[in-house]
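Before any comments, here is the structure.
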């Protein structure tokens with residue numbers, strides 16, 4: 001007796017084992033994604049005071065680049081000291097003192113999952129994960145026979161998910 005392996009059965013097998021493999025990765029992406037939603041708040045952040053020596057007489061834009069804060073706006077000037085939100089800069093000596101809010105190191109590493117670019121080794125994990133999720137989308141349509149009620153309801157839920165995403169993107 002020979003068993004015939006159908007495309008539907010093969011998709012189910014791939015879907016199942018890839019799902020088990022990616023469960024940990026998906027959990028990490030989910031946690032870091034939720035944390036990134038609050039990136040414009042102080043959620044989980046702690047203050048860190050930094051003192052640096054920069055070139056004297058920097059313009060506000062150059063100062064912002066040097067301290068990696070593109071929103072630097074000089075609020076007031078007191079002699080050689082320029083005061084901006086979260087710090088001060090001495091235009092004569094180049095000394096800058098400022099405060100940054102950072103996430104704990106482990107949480108920072110987790111949120112870096114979403115920010116990786118082509119220069120980062122995590123880039124390969126992101127590509128693999130994205131392609132795997134796309135496979136999950138496609139293979140899920142082989143989980144049930146097309147003529148069944150559950151498959152037809154599944155298509156309605158898929159359409160509802162697409163519509164919800166489009167509505168939220170434009171409003």
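The values are calculated or read from the model by the stated rules, or taken from the named source; none is laboratory data. Note that this is a predicted model, so its numbers are computed, not measured. Please note: Cβ atoms are built from the backbone with ideal geometry, for glycine as well, and neighbour counts cover all protein chains shown.
Any chance the stretch 121-131 includes a residue that's exposed (fewer than 12 other Cβ atoms within 10 Å of the Cβ), in the same structural domain as residue 12 (by TED's automatic domain parsing) and under 30 Å from residue 41 (Cβ atoms)? Spell out the reasoning first.
Taking the stretch 121-131 and keeping what is exposed (fewer than 12 other Cβ atoms within 10 Å of the Cβ), we get 121, 124, 130-131.
If we keep only those that are in the same structural domain as residue 12 (by TED's automatic domain parsing) too, we end up with 121, 124, 130-131.
Add one more test, that the residue is under 30 Å from residue 41 (Cβ atoms), and what stays is 121, 130.
There is at least one residue in the stretch 121-131 that is exposed (fewer than 12 other Cβ atoms within 10 Å of the Cβ), in the same structural domain as residue 12 (by TED's automatic domain parsing) and under 30 Å from residue 41 (Cβ atoms).
For residue 96, are the conditions met, namely being in contact with a helix residue (DSSP H, G or I) (Cβ under 8 Å, 6 or more places away or on another chain) and part of a strand (DSSP E or B)?
So residue 96 fits the description; yes.
Name the residue, out of 118, 149, 102, that is touching a strand residue (DSSP E or B) at 6+ places or on another chain (Cβ under 9 Å) and at pLDDT below 95.
102
Against the definition (closer than 30 Å to residue 80 by Cβ, part of a helix (DSSP H, G or I), modelled with pLDDT of 90 or more and out of contact with any helix residue (DSSP H, G or I) (no Cβ under 9 Å at 6 or more places or on another chain)), how does residue 65 come out, yes or no?
So residue 65 fits the description; yes.
Please verify whether the stretch 102-116 includes one or more residues that are loosely packed, with under 10 Cβ neighbours inside 10 Å and either without any contact (Cβ under 8 Å) to a residue 40 or more places away in the chain or outside any strand (DSSP E or B) (or both).
Taking the stretch 102-116 as the starting set, the residues that turn out to be loosely packed, with under 10 Cβ neighbours inside 10 Å are 105-106.
Checking the rest, the ones that are also either without any contact (Cβ under 8 Å) to a residue 40 or more places away in the chain or outside any strand (DSSP E or B) (or both) come to 105-106.
Yes, some residue in the stretch 102-116 is loosely packed, with under 10 Cβ neighbours inside 10 Å and either without any contact (Cβ under 8 Å) to a residue 40 or more places away in the chain or outside any strand (DSSP E or B) (or both).
In the stretch 39-70, what residues are free of Cβ contacts under 8 Å to residues at least 12 places away in the same chain and within 30 Å of residue 109 (Cα to Cα)?
Hits for the stretch 39-70 are 40, 41, 43, 61, 62, 64, 65, 68, 70.
Every residue in the stretch 117-149 that is closer than 19 Å to residue 22 by Cβ, in a loop (DSSP other than H, G, I, E, B) and free of Cβ contacts under 8 Å to residues at least 60 places away in the same chain, please.
Initial filter on the stretch 117-149 (closer than 19 Å to residue 22 by Cβ): 121-143.
The next check asks that each one be in a loop (DSSP other than H, G, I, E, B); those that pass are 121, 143.
The one that is closer than 19 Å to residue 22 by Cβ, in a loop (DSSP other than H, G, I, E, B) and free of Cβ contacts under 8 Å to residues at least 60 places away in the same chain: 121.
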